[in-house]
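The structure appears below as structure tokens.
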Amino acid sequence: MTDDRVDLAITGAHFWREETPRDLFVRDGRFVPSPSGGTAAAANTIDAGGRLCVAGFLEPHIHLDKAQINDDVRPNRSGTLDEAIEIIWARKRAYTVEEITARAIRTIRTAVAHGVTRFRSHVDVDSIGGLRPLEGVVEARERTRDIADIQIVAFPQEGIFKDKGTDDLMWQAMEAGADLVGGMPFNENSPADSARHIALAFEIAKHHDADIDMHVDETDDPDAKTLEILAEQTMEHGWHGRVTAGHTCALAGYEEDYANRVIGLVRDAGIHMIVNPATNLILQGRGDA
Ligand SMILES: [Zn+2]
């Protein structure tokens with residue numbers, strides 16, 4: 001108990017598995033113990049009316065550079081990821097840093113209003129948009145610093161070796177504000193290039209002491225086997241617990257023996273999985289009978 005005034009009291013907040021609602025007190029943007037004057041010591045009061053009180057939600061996989069472009073692109077007629085990527089190429093050529101920042105801020109504010117306080121955003125790094133998506137989202141992060149914590153992943157959507165110049169851009173992105181090294185290793189011309197793609201990501205990550213978060217095997221094609229390579233390289237480099245694999249849809253198409261082996265490697269490497277059902281329940285499985 002303290003005698004200090006507080007900035008805000010939130011009364012009647014319902015905590016998970018607790019019978020009696022509680023009052024919460026905030027000073028200088030942080031929760032503090034109840035002042036001796038109780039709610040009377042608060043400059044402002046919000047009555048939570050018994051509503052559930054939880055920690056801020058976390059959005060682990062968003063693309064703030066591509067958010068809210070639906071109104072200015074043509075529809076995705078096949079409903080596939082391939083066509084979605086084709087559509088984005090045209091839109092990406094027209095990107096400006098300012099409009100990316102504006103869309104990203106609008107998206108961040110909407111998510112915050114729904115309780116999300118932490119974001120991990122991929123941003124495209126490629127020869128089409130260059131570093132504009134990164135610059136736009138870095139600026140949005142700066143302008144929303146008071147309400148949101150945002151990590152940025154440098155994401156080579158078009159491949160690294162398939163898209164000439166992207167290897168240099170990936171290094172530059174890490175100097176220009178990206179926190180994590182991204183990847184899309186299946187989007188290369190050969191399994192050997194997929195392995196080089198992952199190897200380069202580790203080289204950059206080790207140079208910057210950064211974590212890795214890749215888009216992995218986002219396809220029904222059971223020949224997409226880059227999750228296995230990612231797990232093996234994670235262990236070789238000792239990056240246990242610092243690597244995330246997103247999507248990993250091809251796992252569902254593997255023969256059971258191979259799937260079990262890959263799942264075992266993923267466990268041994270301590271790889272985090274973010275499977276994005278909201279995206280892949282729509283985009284995948286369209287070729288199935
Ligand atoms: Zn993604």
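The residues of the stretch 217-274 that are surrounded by 18 or more Cβ atoms within 10 Å (Cβ to Cβ), modelled with pLDDT of 95 or more and among the β-branched types (Val, Ile, Thr), listed by number, are Thr226, Ile229, Thr234, Val243, Thr244, Thr248, Val262, Val266, Ile271.
When Phe186 is tested against (1) free of Cβ contacts under 8 Å to residues at least 40 places away in the same chain; (2) more than 17 Å from Asp211 (Cβ to Cβ); (3) crowded, with 18+ Cβ neighbours inside 10 Å, exactly one condition is not met: (1).
Among residues belonging to the stretch 198-225 that are within 16 Å of the ligand (Cβ to nearest atom) and either free of Cβ contacts under 8 Å to residues at least 12 places away in the same chain or out of contact with any strand residue (DSSP E or B) (no Cβ under 6 Å at 6 or more places or on another chain) (or both), point out the one that is nearest to Gly79 (Cα to Cα). Checked the stretch 198-225; the qualifying residue nearest to Gly79 (Cα to Cα) is Thr219. If the condition is being within 11 Å of the ligand (Cβ to nearest atom) and either part of a strand (DSSP E or B) or over 11 Å from the mean Cα position of the chain (by Cα) (or both), then the stretch 52-64 contributes Pro60, His61, Ile62.
The test for being in the same structural domain as Lys164 (by TED's automatic domain parsing), farther than 25 Å from Ile150 by Cβ, modelled with pLDDT under 95 and within 16 Å of the ligand (Cβ to nearest atom) does not hold for Thr279. Just one of the listed residues (Val26, Val125, Val116) is surrounded by 15 or more Cβ atoms within 10 Å (Cβ to Cβ), among the β-branched types (Val, Ile, Thr), outside the structural domain of His197 (by TED's automatic domain parsing) and in contact with a strand residue (DSSP E or B) (Cβ under 9 Å, 6 or more places away or on another chain), namely Val26.
Among the residues of the stretch 40-65, those that are without any contact (Cβ under 8 Å) to a residue 60 or more places away in the chain and surrounded by 16 or more Cβ atoms within 10 Å (Cβ to Cβ) comprise Ala41, Ala42, Ala48, Cys53.
The values are calculated or read from the model by the stated rules, or taken from the named source; none is laboratory data. Just so we're clear, the structure is a prediction, and the values are computed from it rather than from any experiment. Note that we place each Cβ from the backbone using ideal geometry, even for glycine, and neighbour counts take in every protein chain shown.
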